[in-house]
Amino acid sequence: MNRLVLSLLVMPVATATGCLDLDSFVMNPRHCSIGYSDDDCAIDKLCTPCGDDYPFADFGIDPALATRHPITLDDGETNDAWFIAAAPGAALADVTVVFSHGNFASLEHYLNRVALLWRAGVNVFALDYRGFGQSSDAAEASEAQFMSDTAAAWQQIPAILAAEGKESNKPVALYGYSAGALSGVEMAVSQAPADGGGVCTLILEAPWPSVDAFARDSTFIGVPGSFLSEGGWDNISKIRNYSGSYLHLHGTDDLTVRQTLGRELFDAAGTTAKRFVSVEGAEHGNFIAGVDEVGVDPDVPAVLGEEAYLDLIVAQLADCAG
Amino acid sequence: MRYTISLFAVAACLGSACTTFNNARPLAPGEHAAMVTLGGPVADVPGVGTIPMPNATVEGRHGVVDHLDVNYGVHLLPLAFGVVGGHVGGTFQLYDEPAPWVPVTSIGQRLFFFTNLLDPRKEQKDAYALSQTDLTLSWKLWDSLVYGGVSAYVPIDVEDRTLHLAPFVGVEVHPGLDWLRVQLEGRWLSPTTDQRFAVVNWQAPGDMGALAVNLGVAIEFSELFAVLVNDGKAPPADTDTAAIVTSTAREQP
């Protein structure tokens with residue numbers, strides 16, 4: 001809230017200088033260094049002090065399977081990241097899903113989603129971003145930094161897989177939720193396989209389209225997107241260059257990234273091996289069962305139910321197994 | 001996502017093109033006024049509440065001939081985004097007030113123009129124009145003006161010329177000073193547009209269109225001049241200033 005109020009207060013100054021655009025307000029991080037209130041912990045599941053491990057056991061994950069692997073960035077800072085190994089004997093124990101969370105808070109807020117993916121029987125490599133959670137730099141990333149940090153994460157994945165006793169050159173699956181699609185699509189499109197095996201599939205849930213698309217959608221009298229945006233954070237343009245398999249999950253009642261914007265992204269994807277799953281009645285926000293957060297209605301997994309959701313995910317990961 | 005969307009709500013106010021002073025009755029010939037208007041469509045801004053968007057417009061208005069004035073203005077919020085925006089227009093009053101309680105009818109026309117041509121950060125250069133036509137009925141109630149009507153907005157665009165209507169009601173009062181007018185207006189923008197799935201959570205009955213609230217302040221220069229020069233009293237008839245002060249005092253009856 002402080003961030004938004006500040007944004008409103010700086011508006012008059014920005015008016016005088018003409019320096020404002022929406023590209024600067026894509027991320028909404030919470031860093032552990034500012035501390036968390038009781039409400040943060042109860043409602044948003046932001047509880048863990050800097051330096052402590054996340055409470056994986058609260059989400060049904062054996063903490064012994066979770067290992068922190070900080071990503072070293074170009075400027076020497078580190079982004080927090082966790083590798084959660086598949087449960088012993090899991091059917092897809094050789095498959096790794098790289099999970100990129102949404103723009104709010106930090107990885108800790110999404111541990112329920114990490115655990116859900118993990119219950120598909122896969123390894124989950126969950127990334128945090130600069131300025132978020134327990135990353136070393138408390139300052140939010142610019143778009144250029146974000147993409148550079150994403151590239152750094154991608155380049156270090158083979159070594160992390162090797163450290164975890166996995167096949168380092170095996171293709172990984174990418175899962176981008178909401179603004180996490182910015183990281184997912186960047187990895188899918190812009191990053192060379194390097195020493196790794198590339199991308200076996202891309203899964204996007206309620207994904208970020210572009211600032212321009214949001215800007216156009218915010219008014220209903222056809223105001224050009226370029227008035228509000230420098231054209232950054234543009235997944236729609238980027239995904240044209242993706243040719244691998246692609247699953248798109250999107251709720252019909254998503255009031256944040258409306259489904260028509262998701263369709264725009266889906267249609268732009270340069271692959272024919274793509275599938276759009278429209279989930280009737282699903283909203284956008286990370287729905288944490290049992291938490292009464294105002295304005296957060298059941299999301300895609302909550303509406304589908306865990307079994308149906310995981311069936312979809314496992315089917316999509318068929319390209320990654322074996 | 002929630003706070004990011006809040007910023008979109010603020011930014012989307014650029015497109016509201018509704019934060020202008022309502023000219024229900026034209027100024028008398030030779031009269032000048034300056035207006036500042038604040039407000040815009042109402043949206044639910046997560047973390048803040050339900051508020052009108054903080055658009056601001058500075059305008060001028062000039063009585064040309066009997067029953068006709070012109071107006072012009074610049075829009076401040078777009079400047080924050082590197083967008084230069086302004087409007088020009090005029091209001092024509094169809095007839096004098098025939099009798100108390102019988103409304104005066106006026107027709108107004110404004111053309112809005114915005115461009116990011118001067119913003120060096122933007123590779124994509126665009127221009128946007130919008131036509132606004134107002135049909136206004138107004139009643140004098142003692143020293144105040146009550147008005148209502150409908151505006152018709154049409155983007156001047158080869159691809160999209162969708163007509164958006166906006167019914168409005170407002171009141172204009174003198175808060176104890178002859179040279180000062182305060183106007184409060186409510187407007188329902190595009191009540192036929194379904195906004196249920198819009199990115200911005202505009203507030204309106206049935207999620208149709210968006211309600212807007214504007215607060216405007218106008219300074220009428222001849223009245224202010226009268227106060228400054230003559231201490232608010234009618235000047236002697238044989239002075240030069242008398243002709244100015246007494247001939248250009250008010251809006252059309």
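The values are calculated or read from the model by the stated rules, or taken from the named source; none is laboratory data. Computed from a prediction, not measured in an experiment: that's the story for all the values here. With ideal geometry, Cβ positions are generated from the backbone for all residues, glycine too; neighbour counts draw on all protein chains shown. With ligands, DNA and RNA removed, areas are computed over all heavy atoms of the protein, side chains included. Shrake-Rupley method; radii C 1.70, N 1.55, O 1.52, S 1.80 Å.
Taking both sides together, the accessible area buried where A meets B is about 4100 Å² for a 1.4 Å probe. Distance between the pseudo-spin-label points of B:Leu165 and A:Ser37 (7 Å out from Cα toward the beta carbon): 4.6 nm. In chain A, Cα pairs under 8 Å separated by at least six residues give a relative contact order of 14 percent.
Answer rounded, prolate or oblate for the stretch A:193-285, using the Cα gyration tensor with square roots of eigenvalues a ≥ b ≥ c: rounded when a/c is under 1.5, else prolate when a/b is larger than b/c, else oblate. Before the final figure, lay out each step's value.
Numbers: a/c = 2.39, a/b = 1.36, b/c = 1.76.
In terms of gyration-tensor shape, oblate.
Can you give the helix-only mean residue ellipticity at 222 nm for chain A, where every DSSP H stretch with n ≥ 4 adds -39500 (n - 2.57) and the sum goes over all residues, rounded to the nearest 500 deg cm²/dmol?
On the way: 10 runs with 101 residues, N = 322.
Helices in chain A give a 222 nm mean residue ellipticity of -9000 deg cm²/dmol.
Using the empirical formula 2.2 N^0.38 Å as the baseline, the Cα radius of gyration of chain A reaches a ratio of 0.95. Using the Cβ-Cβ distance between B:Val74 and A:Thr272 with R0 set to 51 Å, the FRET efficiency works out to roughly 0.55. Electrostatic tally near A:Ala268: other residues with Cβ closer than 11 Å to its Cβ, Lys and Arg +1, Asp and Glu -1, net +1.
Please compute the modelled spin-label separation between A:Arg263 and A:Ala162, points set 7 Å along Cα→Cβ, answer in nm with one decimal. In this crude spin-label approximation the distance works out to 4.7 nm.
Phi angles of the stretch A:133-139 translate, via the Karplus equation with coefficients 6.51, -1.76, 1.60 and θ = phi - 60°, into HN-Hα couplings of x, 9, 5, 6, 8, 7, 7 Hz per residue; Gly and Pro are given as x. Residues whose amide H falls under 5 Å from that of A:Gly198, counting only those 5 or more places apart or on a different chain, are A:Val172, with hydrogens built in the peptide plane. The H on the amide N of A:Arg30, modeled in the peptide plane, is under 5 Å from the matching H of A:Ala105, A:Ser106, A:Gly133, each at least 5 residues off or on a different chain. Amide H contacts under 5 Å for B:Met208: B:Gln195, restricted to partners 5 or more places along the chain or on a different chain, H placed in the peptide plane at 1.01 Å from N.
At 0.36 nm per residue, minus the direct Cα-Cα distance, what do B:Trp101 and B:Leu215 gain on full extension? Give it in nm, one decimal, please.
Values: separation 114, 0.36 × 114 = 41.04 nm, distance 2.49 nm.
Here the segment from B:Trp101 to B:Leu215 would lengthen by 38.5 nm.
Can you pull the Kirkwood radius for the stretch B:2-219, inverse mean 1/r over Cα pairs, to one decimal in Å? List each step's numbers first, then the result.
Values: mean 1/r = 0.0556 Å⁻¹.
18.0 Å is the Kirkwood radius here.
Counted by Cβ distance under 12 Å from B:Leu177, the other residues give a net charge of -3, where Lys and Arg count +1 and Asp and Glu count -1. Accessible surface area normalised per residue over the stretch A:2-319 is 35 Å², counting heavy atoms of protein chains with a 1.4 Å rolling probe. Couplings 3J(HN,Hα) of the stretch A:280-288, computed from phi: 4, x, 7, 9, 9, x, 5, 7, 9 Hz, in residue order, whole Hz [Karplus 6.51 cos²θ - 1.76 cosθ + 1.60, θ = phi - 60°; x for Gly and Pro].
I'd like the carbon and sulfur percentage of the solvent accessible area for the stretch A:2-319, probe radius 1.4 Å, heavy atoms only, ligands and nucleic acids excluded. Each step should come with its number before you reach the end.
Details: 5820 of 11280 Å².
Carbon and sulfur together cover 52 percent of it.
Remark: for residue pairs A:Lys45/A:Lys274; A:Lys170/A:Lys238; A:Lys45/A:Lys238; A:Lys170/B:Lys122, the C-alpha separation exceeds 30 Å in A:Lys45/A:Lys274; A:Lys45/A:Lys238; A:Lys170/B:Lys122. Taken one residue at a time, the phi angles of the stretch B:146-158 give Karplus couplings (6.51, -1.76, 1.60, θ = phi - 60°) of 10, 9, x, x, 9, 10, 10, 9, 9, x, 8, 8, 5 Hz. Gly and Pro are set to x.
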